[in-house]
1. Search the stretch 63-118 for residues being touching a Phe, Trp or Tyr at 6+ places or on another chain (Cβ under 8 Å) and surrounded by 13 or more Cβ atoms within 10 Å (Cβ to Cβ), and hand back the single one that is nearest to Ala136 (Cα to Cα).
2. Considering each of Leu69, Leu86, Leu61, Leu98 in turn, give the residue that is touching a residue at least 40 places away in the same chain (Cβ under 8 Å) and in a helix (DSSP H, G or I).
3. In the stretch 19-72, what residues are at pLDDT 65 or above and hydroxyl-bearing (Ser, Thr, Tyr)?
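The values are calculated or read from the model by the stated rules, or taken from the named source; none is laboratory data. Quantities reported herein were computed from a predicted structural model and do not represent experimental measurements. Every residue, glycine as well, gets a Cβ built from its backbone with ideal geometry; the counts of neighbours run over all protein chains shown.
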Amino acid sequence: ALRATHVGYVSGGSCRVEERPLRDSDFSEADRGVRNSLGGGDDDDSNAELSAAEAKAARELERQRQKRLSAAPKKIATIESKVDALEAELQEIDGAMLQAGADVAKLAELGAAREGVQQRVDGLYAEWEELEELLAASQPVGSGG
């Protein structure tokens, strides 16, 4: 086996060579030598603390994703019923706009109300699509479900 006695890396526009064996951090794509150039000595403790914090954050993100994933089907059903109700409200507003005829003030009022309802519908559709994508991404490849 080959054993390194010196390690060289480029940082801040210069090349630095150290007489030491290789460390795991020498192969990190994330820091690309930044941690090595900052400490110079063994910084395994700070790496361990950083890794523990990163792992904790990753676990928390995964927990939140799983929670959202498990709630997605129920949330989609709720959104679907809200969209149905809002679309019925849009139809009522459209009917009222036809009834208003040439009453410009009434049409302006109804138009503003319709725009508000439509924005809520659009927001619900966006949330629905996001939840569908989350569900699709969690499906194993090749499962047609």
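1. Within the stretch 63-118, the subset touching a Phe, Trp or Tyr at 6+ places or on another chain (Cβ under 8 Å) is 76, 79-80, 83.
This time we only want the ones that are surrounded by 13 or more Cβ atoms within 10 Å (Cβ to Cβ), so: 76, 79, 83.
Numbers: Ile76: 13, Ile79: 18, Val83: 21 Å.
Step by step, filter the stretch 63-118, then rank; the result is Ile76.
2. Numbers: Leu86 fails: touching a residue at least 40 places away in the same chain (Cβ under 8 Å); Leu61 fails: touching a residue at least 40 places away in the same chain (Cβ under 8 Å); Leu98 fails: touching a residue at least 40 places away in the same chain (Cβ under 8 Å).
Selected residue: Leu69, the only one of Leu69, Leu86, Leu61, Leu98 that is touching a residue at least 40 places away in the same chain (Cβ under 8 Å) and in a helix (DSSP H, G or I).
3. Filtering the stretch 19-72 down to residues at pLDDT 65 or above leaves 19-27, 48-72.
Selection gives Ser25, Ser51, Ser70.
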